[in-house]
Amino acid sequence: MTLNSTVQRVTDRIIERSEPTRSRYLDRMHAAKLKGPSRAHLSCSGQAHAYAASGPDKGQLAGGASGNLGIVSAYNDMLSAHQPFERFPDIIREAARDGGGTAQLAGGVPAMCDGVTQGEAGMELSLFSRDVIALAASVALSHNTFDAAVFLGVCDKIVPGLVIAAQAFGHLPAVFLPAGPMASGMPNDEKSKVRQKFAAGECGREELMAAEMAAYHGPGTCTFYGTANTNQMLMEFMGLHLPGASFVQPNTDLRDALTREGAKRALKLSALGNDYTPVCHVLDEKAFVNGIVGLNATGGSTNLLIHLVAMARAGGIVLDWQDFSELSDVTPLTARIYPNGLADVNHFHAAGGLGFLIGELLEAGLLHPDTQTVAGRGLGHYTHDPYFADGELCWRKGGGQSLNTKILRPAHDPFQPTGGLKRLSGSLGTAVMKVSAVAAEHQVIEAPVRVFHDQDEVKAAFKAGDLTGDVIVVVRFQGPKANGMPELHSLTPLLSILQGRGQKVALVTDGRMSGASGKVPAAIHVCPEAVDGGPIAKLQDGDRLRVDAVTGELNILTAGVTERPAAMPDLSANEAGIGRELFASFRNTVSPATAGATIFGA
């Protein structure tokens, strides 16, 4: 199938734009490859330190002739998605020995849960935790005693942070090993209804707690299609998972087999193996375009418009939001997973999952088929499903059809002809909107604004009954420089209530919404952010905005707004407590959301 002309044009533009930074990056990776792991060149004392606790692997490590695998883990048992990783190091060590190599736990990285910190002060550390994870993973690998690495992570900031670190060590192969989703519990739409009832004062905390515990009930990733599961999709589209690995549930024989095979594959991809494939060769411009197409085709998390930009820049590749928007215009929405539909990721996986979806997009000419992956050259590997045959892990061609067209459709008969994301721009600046869950009648709104400086003010106005009539709720001073760009997902239930009452309502903010952004139109990541004096800082109650996800318009309709002085609130309350005082340097150096909201340069 001929590659779609827009996909080709956008890819060519990214390659041209990135050439200076990408070539410098690849030169660094080539130099690092030539030096190789230094364990054989360490002093006897240095080697003794590195091998002292490695038990039966000491002799193999000292010999230096076989591959040594570095494990970087985001394990903790507070996150359901990461709790299964407790078992992984032992599985990986055993698999490495079976493959003639060794494996060591190189280090751990922090992993926080946005579901826990929603609406709390800790959420102001969430986005910055991505760069902390990248730094921590780099420290873990800095001993330079490894020939390849496996990365254990799933959730919102963890995978992007690990990818950034993997690219810093891009001369090494990297395989990402997921933990898988928890079993389906209370349906997500039922949980959402209980949240709305609680926000409206129609039920108590006891009923709310029971619903939440029924939804989040065991080990594994939350089953809605938020940032965590969008990350897993991306790792397959971009070739860093084994085919079909993303949505196999934890603590099953198939999951353990995929983990063992991932470890063995990482060793085979090392310079000491037979198929040297460093991650710098996997994550090229084509791989990132494939990831963006996957994001659009599945209606994935808006957080990835920030993370993918930052991930790409770590490898010298420069993406911008126009790339996402143009690819969205030609990518059909082929999946409906909550909040874009009623199904969860287990239902999606059973209906044909990523193997079917990748096959459809390849056939439609919307993906680069010739990318390098950890499974070998060509994205066609990812149309295959893993299974057991005589106790051995094997792959077979997927069924080639959706088993539930209410969840997963072929590219020629999609849920909608364009993708799930839209770039907005105009006199207010630039922003993005996830439109895959927003009904057509809600995608355009002209209304007066109510301006707030944090989400607690919005909640107070809602409880007081002040949000009447058509209204665009503006929540500003929520950008990365102001307070770390927290998600504002706790506003979703009350805004949904207003919409359900027949009001036309939208959210406009320089902050983030959750990866589970839903049916209320939300123009988010507004740049320039308010703390930089962007036009959003000059709005006043009653000014009128037009938010148009059809034409991509984000305009101030009231005359004279941009000539006003920018508001300058006291942000000192965001500077300390729950560790925020330790992140002042992040707030002072972070780039705009359009550049990945990162402390790292290109």
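What follows draws every value from the coordinates through simple rules; no lab data is involved. No experiment lies behind these values; they were computed from the predicted model shown. Glycine gets a Cβ as well: all are built from the backbone with ideal geometry, and neighbour counts include every protein chain shown.
Once you put a point 7 Å from the Cα of residue 23 and another 7 Å from the Cα of residue 41, both along the Cβ direction, what distance in nm separates them? Inter-label distance under the simple model: 2.7 nm. Cross-link partners for residue 35 among the lysines, with Cα-Cα distance under 21 Å and sequence neighbours closer than 8 places in the same chain left out: 268. Shown is the FRET efficiency for residue 460 and residue 564, computed with R0 = 22 Å from the Cβ-Cβ distance and rounded to the nearest 0.05: 0.30. Quick one: if the Förster radius is 25 Å, what FRET efficiency do residue 209 and residue 576 give, using the C-beta to C-beta distance and rounding to 0.05? Result of the calculation: an efficiency of 0.25.
Here the spin labels are modelled as points 7 Å beyond Cα on the Cα-Cβ line, and at residue 276 and residue 120 they lie 4.8 nm apart. Principal-axis analysis of the Cα atoms of the chain puts helix 253-268 at an angle of about 60° to the longest axis. A quarter of the convex hull surface defined by the alpha-carbon atoms of the stretch 410-553 gives 8.4 nm² as the mean projection. For residue 142 and residue 9, the FRET efficiency from 1/(1 + (r/R0)^6), where r spans their Cβ atoms and R0 equals 35 Å, is about 0.30. In the chain, the longest principal axis of the Cα atoms and the axis of helix 321-330 are about 90 degrees apart. Of all lysines in the structure, those lying under 25 Å Cα to Cα from residue 463, and not within fewer than 8 positions of it along the same chain, are 191, 193, 197, 504, 519. The slack in the chain from residue 252 to residue 90, taken as 0.36 nm per residue of separation less the alpha-carbon distance, amounts to 56.8 nm.
At full extension, residue 2 and residue 329 could sit 115.9 nm farther apart than now, given 0.36 nm per residue minus the alpha carbon distance.
May I ask you to list the lysines whose Cα is less than 27 Å away from that of residue 481, ignoring any residue fewer than eight positions away on the same chain? Output for residue 481: 157, 422, 434, 459, 538.
The GluC sites (Glu not before Pro) of the stretch 187-254 that DSSP puts in a loop, and whose beta carbon has at most 15 other beta carbons within 10 Å, are 202.
Take the Cα of residue 600, step 7 Å toward its Cβ, do the same at residue 470, and the gap between the two points is 4.5 nm. Exposure proxy shown here: for 302, 418, the number of other Cβ atoms within 10 Å sets the order, fewest to most, as 418, 302. Helical content of the chain, expressed as a calculated mean residue ellipticity at 222 nm, amounts to -11000 deg cm²/dmol (DSSP H runs of 4 or more residues, -39,500 (n - 2.57) each, divided by residue number, nearest 500).
Axis angle, to the nearest 10 degrees, between helix 353-363 and the longest C-alpha principal axis of the chain: 90 degrees.
Once a ≥ b ≥ c are taken as the square roots of the eigenvalues of the Cα gyration tensor of the stretch 250-398, is the result rounded (a/c under 1.5), prolate (a/b larger than b/c) or oblate (a/b not larger than b/c)? Taking the square roots of the gyration eigenvalues as a ≥ b ≥ c, the stretch 250-398 is oblate. Relative contact order for the chain: 15 percent, from Cα pairs under 8 Å spaced at least 6 residues apart, divided by residue count.
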